[in-house]
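Following: one structure in structure tokens, then a few remarks.
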Amino acid sequence: VNVAKSLNIIELIISLGSTIPYVVFYVLAQILVVVSVVDAFYITNTYQKGTLKHRWPTKILCTLNAGLVNTFLASCLSWILYPGDCGMGNEYAFSSMIHGDMRDCDPWGVPEFGLTLLSIVMAIVFILFS
């Protein structure tokens, strides 16, 4: 676990090249955060009603918590905040991916603004969840 904590997956992917588009990791991180929060609310709701009969929702939440929060916190935050990250250069910028050219990174541009705002909200939710 200590090796995984010090491993920054984003830097590893950058060093391997652009074989996997960053948007794949962005979508994956968004989905994992939503699944974690929905599962936490499901467990809370069924526990309050006294109808929590199965342990699989709790096991899923523990696995997501261990994987996302404890092991890959920095990487998941980087993935979630990808639309607003201009530090990777124009080659990997979200603006370049949307517009299809080597455009300067502009997270507050017209189509990027919505996803940048969503990313900030999801990062706050992820930090509060952790």
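The values are calculated or read from the model by the stated rules, or taken from the named source; none is laboratory data. Nothing here was measured: the structure is a model prediction, and the numbers come from that model. Reconstructed Cβ throughout: ideal geometry from the backbone, glycine too, with neighbour counts over all protein chains shown. To get the accessible areas, we keep the full protein, side chains included, count just its heavy atoms, and leave off ligands, DNA and RNA. Shrake-Rupley method; radii C 1.70, N 1.55, O 1.52, S 1.80 Å.
Shown in residue order for segment 32-38 are the 3J(HN,Hα) couplings computed by the Karplus curve 6.51 cos²θ - 1.76 cosθ + 1.60 at θ = phi - 60°: 5, 5, 5, 4, 4, 5, 4 Hz (x for Gly and Pro).
Residues 124, 43, 80 ordered from highest to lowest accessible area at a 1.4 Å probe: 124, 43, 80. Applied to segment 122-127, the Karplus parametrisation 6.51 cos²θ - 1.76 cosθ + 1.60 on θ = phi - 60° returns per-residue 3J(HN,Hα) values of 5, 5, 5, 4, 5, 5 Hz, with x for Gly and Pro.
Round to the nearest 0.05 the FRET efficiency obtained for residue 56 and residue 113 when R0 = 22 Å and r is the Cβ-Cβ distance. That pair, residue 56 with residue 113, gives E of 0.05.
Extending 7 Å from Cα along the Cβ direction at residue 70 and again at residue 41 yields two label points whose distance is 2.6 nm. Accessible area ranking (1.4 Å probe, heavy atoms, ligands and nucleic acids excluded), largest first, for 62, 86: 62, 86. Legend: residues 39, 104, sorted from most to least accessible area (1.4 Å probe; ligands, DNA and RNA excluded), read 104, 39.
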